[in-house]
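Undergrad: Could you have a look at this structure, given as structure tokens, before my questions?
The values are calculated or read from the model by the stated rules, or taken from the named source; none is laboratory data. Predicted, not measured: the structure shown is a model, and the values here were computed from it. We place every Cβ from the backbone using ideal geometry, glycine too, and count neighbours over all the protein chains shown.
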Amino acid sequence: MAIVAGQIAFYYLAGASIASAILAVTRRNPVHSMLWVLALFLHVAGIFLLVGAEFLAAVQIIVYAGAILVFYLFFLMLLDLPREEAGPPFGAHWPLCAAAGLLFVALAWRAQGPGLVPAVPRAAAGGPPPGSLSAVGMVLFSQFALPFEIASLVLLAAIVGAVVVAKRKTDS
Amino acid sequence: MVPVGACLGLSAVLFGIGLIGFLGRRNIILMLVSVEIMLNAVNVSLAAFSQHLQDPRGQIMALFVIAVAAAEAAVGLGLVLALSRNRPGVSVEDLTQLRW
């Protein structure tokens, strides 16, 4: 019963995320696009919950939906684009783009089947389950401690770089 | 228990939609958002593999992807701001000069 409910939830979340991604890419109004991307991120967080990645789901909602997307929305309102809805949303070369995207999906769909190793059975009791927050934290701060610190350096460089790039040039 | 193949199919479809948006949209901000959709699609497949192989390292890779996505958003939007100072509007079809 729980397995069936999980599968129904997965197919709902998958369908809703594909629909909101298509709407996000095709809407003419950029703010509407952003709101559909928000719906997409929330549904993807639900999928993370279903595959047992609770911490990733929380980070997805807090960082992606809460910080990055709000940043994009603020930026869109800062630029103030009143004429954006008048023009076509896609360039004249859109059939080529659609063909490239569909070709990618077809190739990825074909390639994923054969190479898949069989699922590893869940380990017997003893120790936290591999997807849980404590297991992720243990690996993140032991084996991946150096990449974790490097990620903070990357973020610092991005902050400084964004300020330098966006700074108004002063004549002096 | 979600089958890993279904997750990978969903990931491929989301990545393709993001690819179409990145290549086709005229608005440069929505091109950046399409990149975020593609990064999110990759995160879905990383989380699915993490469950499939019972290994938390997939989730950690997805965390790093999220950190890089945040950095990319900051730098990309800074560049768009610098561009729009020189030339109003965010349509990539207007950006035909290397410098002005």
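Undergrad: Which of (1) at the interface with chain A (Cβ under 7 Å from one of its Cβ atoms); (2) touching a Gly at 6+ places or on another chain (Cβ under 7 Å) does residue B:55 not meet, given it meets every other one?
TA: In the conditions (1) at the interface with chain A (Cβ under 7 Å from one of its Cβ atoms); (2) touching a Gly at 6+ places or on another chain (Cβ under 7 Å), residue B:55 misses (2) alone.
Every residue, every condition in (1) at pLDDT 90 or above; (2) among the β-branched types (Val, Ile, Thr), yes or no:
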| site | (1), (2) |
| --- | --- |
| B:65 | yes, yes |
| B:69 | yes, no |
| B:72 | yes, no |
| B:76 | yes, no |
| B:82 | no, no |
| B:89 | no, no |
| B:94 | no, no |
| B:98 | no, no |
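Undergrad: Given the conditions (1) modelled with pLDDT under 90; (2) touching a Leu at 6+ places or on another chain (Cβ under 7 Å), and given that residue A:69 satisfies all but one, which numbered condition is not satisfied?
TA: If we test residue A:69 against (1) modelled with pLDDT under 90; (2) touching a Leu at 6+ places or on another chain (Cβ under 7 Å), just (1) comes out false.
Undergrad: Hey, any hits in the range A:45-62 for a residue that's in contact with a Ser or Thr (Cβ under 6 Å, 6 or more places away or on another chain), at the interface with another protein chain (Cβ under 7 Å from one of its Cβ atoms) and surrounded by 20 or more Cβ atoms within 10 Å (Cβ to Cβ)? Before the answer, list the steps.
TA: Kept after step one, since they are in contact with a Ser or Thr (Cβ under 6 Å, 6 or more places away or on another chain), are these residues of the range A:45-62: none.
Within the range A:45-62, none of the residues are in contact with a Ser or Thr (Cβ under 6 Å, 6 or more places away or on another chain), at the interface with another protein chain (Cβ under 7 Å from one of its Cβ atoms) and surrounded by 20 or more Cβ atoms within 10 Å (Cβ to Cβ).
Undergrad: Among the residues of the range B:68-99 satisfying the criterion of being β-branched (Val, Ile, Thr) and farther than 16 Å from residue A:72 by Cα, which is surrounded by the fewest Cβ atoms within 10 Å (Cβ to Cβ)? Explain how you work it out, then say what you get.
TA: Of the range B:68-99, the ones β-branched (Val, Ile, Thr) are B:68, B:75, B:80, B:90, B:92, B:96.
Now restrict to residues that are farther than 16 Å from residue A:72 by Cα: B:92, B:96.
Details: B:92: 14, B:96: 6.
Looking at the filtered set, the residue picked out is B:96.
Undergrad: Report those helices (runs of 4 or more DSSP H) wholly inside the range A:1-102 carrying at least 1 residues which are among the small types (Gly, Ala, Ser) and in contact (Cβ under 8 Å) with a residue 24 or more places away in the chain. Let's see the steps before the verdict.
TA: Details: elements: A:2-26, A:30-50, A:54-59, A:69-79.
Of the helices (runs of 4 or more DSSP H) lying wholly inside the range A:1-102, those with at least 1 residues that are among the small types (Gly, Ala, Ser) and in contact (Cβ under 8 Å) with a residue 24 or more places away in the chain span A:2-26, A:30-50.
Undergrad: Can you name the number of the only condition in (1) surrounded by fewer than 20 Cβ atoms within 10 Å (Cβ to Cβ); (2) in contact with a strand residue (DSSP E or B) (Cβ under 8 Å, 6 or more places away or on another chain); (3) closer than 20 Å to residue B:16 by Cα that residue A:106 fails?
TA: For residue A:106, the exception is condition (2).
Undergrad: Can you find a residue in the range B:45-67 that is free of Cβ contacts under 8 Å to residues at least 60 places away in the same chain, under 26 Å from residue A:80 (Cα atoms) and buried (at least 17 other Cβ atoms within 10 Å of the Cβ)? If you could, list the steps in order and put the result at the bottom.
TA: Taking the range B:45-67 as the starting set, the residues that turn out to be free of Cβ contacts under 8 Å to residues at least 60 places away in the same chain are B:45-67.
Narrowing the set further to residues that are under 26 Å from residue A:80 (Cα atoms) leaves none.
No - not one qualifying residue is present in the range B:45-67.
Undergrad: Among B:14, B:39, B:23, which is the only one that is closer than 27 Å to residue A:75 by Cβ, assigned to a helix (DSSP H, G or I), more than 7 Å from chain A (Cβ to nearest Cβ) and of a type outside the set (Phe, Trp, Tyr)?
TA: Values: B:14 fails: more than 7 Å from chain A (Cβ to nearest Cβ); B:23 fails: more than 7 Å from chain A (Cβ to nearest Cβ).
Criteria check complete, one pass: B:39.
Undergrad: Which pairs do you get when a residue that is part of a loop (DSSP other than H, G, I, E, B), found in the range B:77-100, comes within reach of a residue that is at pLDDT below 75 and among the hydrophobic types (A, V, I, L, M, F, W, C), reach meaning Cβ atoms under 7 angstrom, with the pair 6+ apart or on two chains?
TA: B:90/A:81
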